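Participant: The structure's right below; bear with me while I get my questions together.
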Amino acid sequence: MPTNTAAWLGAKQAKLEVKPAPYTSPREDEIVIKNHAVAINPVDWLKQVLGNVMFSWITYPFVLGSDLAGEVVEVGSAVTRFNVGDRVLGHAVGMDKKRNSPAEGAFQAYTVVLAHMAAPIPRTLSYENAAVLPLALSTAACGLFQKDHLALHYPSATPTPTGQTLLVWGGSTSVGSNAIQLAVAAGYEVITTSSPRNFDYVKKLGASQTLDYNSTTVVKDVIEAFKGKTIAGALAIGSGSAEACLDIVHACNGAKFVSTATSPVSFDNGMTAGVVLQLVSSNVSLRVKSRRRGIRTKFIFGTTLKNNEVSKVIYEDFLPQALADGRYVAAPDPYVIGTGLEYVQAGLDAQRKGVSAKKVVVSL
Ligand SMILES: NC(=O)c1ccc[n+]([C@@H]2O[C@H](COP(=O)([O-])OP(=O)(O)OC[C@H]3O[C@@H](n4cnc5c(N)ncnc54)[C@H](OP(=O)(O)O)[C@@H]3O)[C@@H](O)[C@H]2O)c1
């Protein structure tokens, strides 16, 4: 049995510590992956900083992390899509309430992954590049394709133009980079927002227009860009995005739905009484505003696709061939902060400081 090591979150708000970990064999619908690269998401440092306010079911010690790429070393008895030795990426769902399992966290040498949340990757794609995808891809897919969210047409190799335009607010985020590509592959035009330094980046991913979210006139500018178009709804990513998207969807013709990835308040400096108050009042204000205008809004939980057909659509039907054909790119580029689990804490700190069209990655 292989010897496992993990970057453990040993206690509430503790720094990660690299220590031995049990090796866990897969159940029938799971695979075990030897990780060669893991990527950091905001949720990783948010859980560390906020303690038990978030994912309160998690007990310590725990292994965080959603994004990994590596090599299959063991395959559950009911799994037919993978063999030992396959190069794959996987969305590790250990933090999800129903899984709640340190064996399923990404920040360790060997992770147990649900087979239907993994995809083979082409030889041409490095593990560091592949690791940027899973949680951001899943989150974008939940918002765009789940029936309880925007319920868009599914992506394919030969999309039929829908004649509709999607708003992706925050196109240069990791989630936005995936949302743009998925929506274009599903036959939608995409209008997005980013800082001017990332205008070319989001256009290369397939956006037809991008507007600067820092501008004081951005909401008016986006509404202008949608003149004569039918909106397919909006995916709101980044702070302040939900409010802005509500105003835009209200002013446009088409679907009255805003799928939101980001909480209306920032937790960057922890959870103070002021932040709690702000959170309650922002949520109430958003709810009142959307009800009055007849717009539905829903918050995304980026693991919910594991319970519905969207996981198969993405990880089995669409992504493997799209990556192999070069129709889908692993974006944003990785920013490799170091090699070894010892660098995961530095990775969390770097992601918290902020990145621009980059994903913090640790090589293993
Ligand atoms: N609900 C879920 O399940 C789920 C899952 C994953 C992520 N998320 C959330 O989704 C958001 C994005 O996560 P990520 O990992 O994709 O982020 P990320 O890649 O770390 O985001 C960095 C990017 O954010 C952009 N940005 C900063 N403030 C913005 C704003 N107010 N509006 C639009 N863009 C802004 C910056 O764009 P420029 O450099 O162009 O200025 C930068 O490129 C976070 O709030 C995260 O917590 C939610």
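The values are calculated or read from the model by the stated rules, or taken from the named source; none is laboratory data. Bear in mind the structure is a predicted one, so any value in this text is a computation, not a measurement. No Cβ is skipped: glycine too gets one built from the backbone with ideal geometry, and neighbour counts run over all protein chains shown. Protein only, heavy atoms only, side chains kept; ligands, DNA and RNA dropped before computing areas. Shrake-Rupley method; radii C 1.70, N 1.55, O 1.52, S 1.80 Å.
Participant: With Cβ to Cβ distances under 11 Å as the rule, what net charge do the other residues near Asn308 carry (K, R +1; D, E -1)?
Facilitator: Every neighbour counted, the sum reads +1.
Participant: Kindly identify the range 154-297 as rounded, prolate or oblate by the Cα gyration tensor criterion: order the square roots of the eigenvalues as a ≥ b ≥ c, call it rounded if a/c is under 1.5, otherwise compare a/b with b/c, prolate if a/b is larger, else oblate.
Facilitator: Prolate, because a/c is 1.5 or more and a/b exceeds b/c.
Participant: If a paramagnetic tag sat 7 Å from the Cα of Thr80 along the Cα-Cβ line, which residues of the range 291-334 would have the backbone N under 17 Å from that point?
Facilitator: Counting only backbone N, you get 312-313, 316-317.
Participant: Once you have the Cα-Cα distance between Thr158 and Leu279, take 0.36 nm times their residue separation minus that, and quote the gain in nm to one decimal.
Facilitator: 39.3 nm
Participant: Mind checking the dipole of the chain: about its Cα centre, +1 per Lys or Arg Cβ, -1 per Asp or Glu Cβ, Debye to the nearest 20?
Facilitator: 980
Participant: Right, another one. 7 Å from Cα along Cα→Cβ at both Thr339 and Phe299: what's the point-to-point distance in nm?
Facilitator: Roughly 4.1 nm, to one decimal.
Participant: Now for a different question. Whole-Å semi-axes of the range 228-292's equivalent ellipsoid, largest first, each the root of 5 times a Cα gyration tensor eigenvalue?
Facilitator: 26, 12, 7
Participant: Carbon and sulfur atoms: what percent of the 1.4 Å accessible area of the chain do they account for?
Facilitator: The value for the chain is 52 percent carbon and sulfur by accessible area.
Participant: Evaluate the distance, in nm, between pseudo-label points positioned 7 Å from the Cα of Arg123 and of Asp221 along their respective Cα→Cβ axes.
Facilitator: Once both label points are built, they end up 4.5 nm from each other.
Participant: While we're looking at this one, here's another question. Lys97: net charge of surrounding residues, Cβ under 15 Å, Lys/Arg +1, Asp/Glu -1, itself excluded?
Facilitator: Value of the local net charge: +2.
Participant: With angles folded into 0 to 90 degrees, how steeply does helix 134-145 sit against the dominant principal axis of the chain? Use alpha carbons for both and round to 10.
Facilitator: 40
Participant: Over the Cα atoms of the range 174-240, how large are the radius of gyration and the largest Cα-Cα distance (Dmax), in Å?
Facilitator: 11.3, 32
Participant: With every protein chain present, what is the per residue accessible area of the chain (1.4 Å probe, Å²)?
Facilitator: Normalised by residue count, the accessible surface of the chain is 41 Å².
Participant: Starting from the coordinates of the alpha-carbon atoms of the range 86-202, obtain the Kirkwood hydrodynamic radius over all distinct pairs and give the value in Å to one decimal.
Facilitator: Its Kirkwood hydrodynamic radius stands at 15.7 Å.
Participant: What ranking, highest mean first, results for peptides 269-276, 238-245, 96-103, 109-116 when packing means the other Cβ atoms within 10 Å averaged over each residue?
Facilitator: Sorting 269-276, 238-245, 96-103, 109-116 by mean packing, highest first, produces 109-116, 238-245, 96-103, 269-276.
Participant: Sticking with this one: Could you compute the FRET efficiency for Asp148 and Lys12, with r as their C-beta to C-beta distance and R0 at 45 Å, rounded to 0.05?
Facilitator: 0.90
Participant: Just how large is the dipole of the range 223-325 about the Cα centre, in debye to the nearest 20, putting +1 at every Lys and Arg Cβ and -1 at every Asp and Glu Cβ?
Facilitator: 640
Participant: Here is a follow-up. Could you give the length gained on full extension between Asp200 and Asn214, defined as 0.36 nm per residue of separation minus the Cα-Cα distance, in nm?
Facilitator: Using 0.36 nm per residue and subtracting the Cα-Cα distance, I get 3.4 nm.
Participant: Expressed as a whole percent, how much of the Cα-Cα distance distribution for the chain exceeds 26 Å?
Facilitator: Tail of the P(r) past 26 Å holds 48 percent of the pairs.
Participant: Which number comes out as Rg/Rh for the range 1-145 once both Rg and the Kirkwood Rh are worked out on C-alpha atoms?
Facilitator: Here Rg/Rh amounts to 0.95.
Participant: Please express the Cα-Cα pair-distance distribution P(r) of the range 1-60 as a list of whole percents, one per 5 Å bin, running from 0 to the bin with the greatest distance.
Facilitator: 4, 14, 20, 21, 21, 15, 4, 0
Participant: Quick one: what does P(r) look like for the range 227-364 with 5 Å bins over all Cα pairs, in whole %?
Facilitator: 2, 8, 12, 13, 16, 18, 16, 9, 5, 2, 0
Participant: Can I ask one more? Once the Cβ-Cβ distance between Ser25 and Asp349 is put in as r, and R0 is 35 Å, what FRET efficiency do you end up with, to the nearest 0.05?
Facilitator: Efficiency, rounded to the nearest 0.05: 0.55.
Participant: Here is a further query. Amide H of Thr230 versus every other amide H placed in the peptide plane: which residues, excluding those fewer than 5 positions away on the same chain, fall under 5 Å?
Facilitator: For Thr230, the qualifying residues are Thr165.
Participant: Here's another thing I want to ask about it. Using Cα centres only, tell me the gap between the range 295-364 and the range 1-61 in whole Å.
Facilitator: Going from one Cα centre to the other spans 16 Å.
Participant: Which percentage, to the nearest 5, of the DSSP beta bridges contained in the range 257-364 is antiparallel?
Facilitator: 0
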